Amino acid sequence: MSDSSLRLVWVYPDLLSTYGDQGNALVVERRARQRRLNVSRIDVRSDQPIPTSGDIYLIGGGEDRPQRLAAERLRRDGGLNRAVANGAIVFSVCAGYQILGHEFVNDLGRPEAGLGLLDVVSVRGDGERCVGDVLADIDPRLGLPPLTGFENHQGITHVGPSARPLATVRYGKGNGTGDGTEGAYNDTVFGTYMHGPVMARNPQIADLLLKLALDVNALPPVDDQWYEALRTERIAAAGQPA
Ligand code: GLN
């Protein structure tokens, strides 16, 4: 961590917050404050430089054109890549996840370079759009309960050898490759197709990011009964007709 205050950076809310992903920033802030950690949140619009001294960066989902604009500006800015080189943690959702990879297909139907921070490549699926509830078992190495969320994407993401799938779907499409994988991660960079927003449903992800940023193995427990009630409900509902 850069100083006594944890710096949370929310990347491009003007382009990439179509699906309520601001909730992820709110949950990280709240989980930090519940542990009496100082946290400052910096919202960085797409006409502003990305600060390189953040501890945790969040980047959300968006529609196809804003996604291309965000990728162009992030490539030009270079700050997110420098932050990761400095050890920052990044958590990304859907369009943001695709942008962190090597390449995705943009709104013009052309390949668009990503930031190369995660070893994934996204293509445009030619089948139905992946829309609906997701229930996924997270990589056991991360030691978290099953994740629940909601996906809405046309892109399909292939995970390369330098990244690991974040989870395996019990229900839903996830990466859409038909192999049951959902999302991807490496040591410090995470991506998922799950909205929800994902941390409002799975606050343990926020805790994981905080632990990585603080370089600690555990955080003081907090009361999670409402989150767990929601998880139980979503697990029971998974696969049932709406
Ligand atoms: N535009 C991308 C796709 O459809 C990402 C969508 C999203 O962020 N929900 O694959």
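The table that follows gives values for the structure above.
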read-out	value
Electrostatic dipole magnitude of the chain [Cβ: Lys, Arg +1; Asp, Glu -1; Cα centre; debye, to 20]	360
Peptide ranges 122-131, 162-171, 101-110, 59-68 listed from the most packed, as the mean C-beta count within 10 angstrom indicates	59-68, 162-171, 101-110, 122-131
Tensor-based shape of the stretch 2-95 (alpha-carbon gyration tensor, a/c under 1.5 rounded, otherwise prolate or oblate)	oblate
Listed residues MET199, PRO140, VAL159: farthest to the positive end of the dipole of the stretch 120-242 (Cβ charges)	VAL159
Point-to-point label distance, ASP47-THR168, nm (Cα→Cβ direction, 7 Å offset)	4.9
Cα gyration tensor shape for the stretch 98-161, rounded if a/c is under 1.5, else prolate or oblate	oblate
Dipole magnitude of the stretch 9-138, debye to nearest 20 (Cβ charges: Lys/Arg +1, Asp/Glu -1, about Cα centre)	600
Local electrostatic count, THR52, Cβ distance below 12 Å [Lys/Arg +1, Asp/Glu -1]	0
Value at 222 nm in deg cm²/dmol, rounded to 500, when DSSP H runs of n ≥ 4 in the chain each add -39,500 (n - 2.57)	-8500 deg cm²/dmol
Built amide H within the under 5 Å cut-off of GLY155, gap 5+	GLY125
Extension gain, GLN34 back to ALA218 (0.36 nm per residue minus Cα-Cα distance, nm)	64.9 nm
Extension reserve of the GLU228-ASP187 stretch, reckoned as 0.36 nm per residue once the Cα distance is removed	12.1 nm
Relative compactness, the chain, computed as alpha-carbon Rg over 2.2 N^0.38 Å	0.94
Rough spin-label spacing in nm, given labels placed 7 Å along Cα→Cβ, for ALA237 and ASP126	3.5
Given charges at beta-carbon only (K, R positive; D, E negative), |dipole| of the stretch 57-122 in Debye	200
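None of the figures in this text is laboratory data; all of them are computed from the coordinates on show. Here the structure is a predicted model, which is why all the values come from computation and not from measurement. For neighbour counting, all protein chains shown are included, and Cβ atoms are generated from backbone atoms with ideal geometry for every residue, glycine included.
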